[in-house]
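Take a look at the structure set out below.
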Amino acid sequence: MKKTIFCISLFSALLTPCPEQAHAGAENRGSLLLMWWNAENLFDTRNDPSAGDDEFTPDGSKRWTQKKLELKQLRIRLVLDAIHASPDYRRYPDILAFAETENRGVFAGSLGKTGTSAYKILYYESPDPRGIDIGLAYNPRSVRLTSSKAYRVPIENDKPTRPVIVAGFSAGRHPFHVVLNHWPSRSFDREWSEQKRMVAARVTRHIADSLRMADTKADIIIMGDFNDEPENRSLRQVLGSSSDAAKVRSGCTTLLYNCWSGYDGIGSYSYRNRWEHIDQILLSCGMLDRKGLSLPDRPFRCFYFPDMLDRTGKKPYSTFYKGKFKGGYSDHLPLLLKVATETD
């Protein structure tokens, strides 16, 4: 098993940043930090008869024991502490969302083992047959939750999938929305499963359109594991993902800025030793102006330190690989977004 003990003072030298992107004035502005992470199979050890979690029990095929869960939670703590130690942040995320959490208890319990005890939890149970959900946590000292809703993704004649979750927040007097996604996987065949992701994309597009109808310049942050790349049809044609900030500013009602734009480092996920960008953060045009929420220098980062990669450096150091327990962090790397907020 890889060593996990390293000096916190070295974190600043281990972090790998993404390139600079859109700018915003720094005067009279605070900031928020948002995090998205597919944490890979964050299950408790209990057998839940209502969920397909049999393999993630001590007697199941994964031999998922309390010791393994505690190692998983240690990994989560190390990543969050590394963010807090980073000179670029010096804080825990104000809003964080994890994909592949089994239930509210294991999600909250994992965060409770970090220095982030101030978090409040927003959690919707998913109809996904594996029993995996999206968990969202936020710091009430920096943001206020104003609304939330889970939107069903209506896939006919197939197993149900995760809902799309929208949460309304305010930072001071400035409202914004976070939309969370974990779209159907590419398992078996990418083209065969694409139609499922197209359905999920239309649900997310409906949410974005509704918010923009109420306010064309609404501040909207869409995060998730989309299981498609930025140039795939579900993102580009349905959701309106664009790498051109100028086009997004002029196409407020149709386009979203993809934060991978201009990034030339590794992706958040690796398939057959090729880095992919299936985890994404997309922003409405309102995020590209200087009002309410906006982008400072270097807002977006695919966050990792060397121990979060396997020995080849070509993929994340995962908890499981080909069904075997490896004891790593996750098969995905987390994404971070720093946003500037106008002070009241």
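Considering the dipole of the chain built from charges on the beta carbon (Lys and Arg +1, Asp and Glu -1) around the Cα centre, which of 265, 292, 239 is farthest to its positive end?
Toward the positive end, the furthest listed residue is 265.
Measuring from label point to label point, each 7 Å out along Cα→Cβ, what is the residue 254 to residue 156 span in nm?
It works out to 2.8 nm between the two label points.
Taking only C-alpha pairs under 8 Å that are 6+ residues apart, what is the relative contact order of the chain in percent?
Here the relative contact order equals 22 percent.
Karplus couplings for region 117-131 from phi (6.51 cos²θ - 1.76 cosθ + 1.60, θ = phi - 60°), rounded to Hz, Gly and Pro as x?
5, 6, 5, 10, 10, 10, 9, 10, 6, 9, x, 3, x, 7, x
So, for region 211-258, what is the accessible surface per residue at a probe of 1.4 Å, expressed in square angstrom?
I get 41 Å² per residue for this part.
Compute the distance in nm between two label points, each set 7 Å from the Cα along the Cα-to-Cβ direction, one at residue 289 and one at residue 55.
4.8 nm
May I ask you to order 228-239, 154-165 by the average number of other C-beta atoms within 10 Å around their residues, highest value first?
Going by the mean number of other Cβ atoms within 10 Å, highest first, we get 228-239, 154-165.
Counting Lys and Arg as +1 and Asp and Glu as -1, what is the net charge of the other residues whose Cβ lies under 15 Å from the Cβ of residue 120?
+2
Express the carbon and sulfur contribution to the solvent-accessible surface of the chain as a percent, rounded to the nearest whole number, probe 1.4 angstrom.
With neighbouring chains kept in place, the figure for the chain is 49 percent.
Sum -39500 (n - 2.57) across every DSSP H segment of at least 4 residues in the chain, then divide by the residue count to get the 222 nm mean residue ellipticity, nearest 500.
-6000 deg cm²/dmol
At 1.4 Å probe size, with no ligands or nucleic acids counted, give the accessible surface of residue 174 in Å², nearest ten.
20 Å²
Assuming R0 = 35 Å, can you tell me the calculated FRET efficiency for the pair residue 191 and residue 117, based on Cβ-Cβ distance, to the nearest 0.05?
0.15
The values are calculated or read from the model by the stated rules, or taken from the named source; none is laboratory data. Owing to the predicted nature of the structure, the values given are computational and were not obtained by experimental measurement. A quick note on method: Cβ atoms are made from the backbone with ideal geometry, for glycine too, and the neighbour counts reach across all protein chains shown. Side chains included, ligands, DNA and RNA excluded: accessible areas come from the protein's heavy atoms. Shrake-Rupley method; radii C 1.70, N 1.55, O 1.52, S 1.80 Å.
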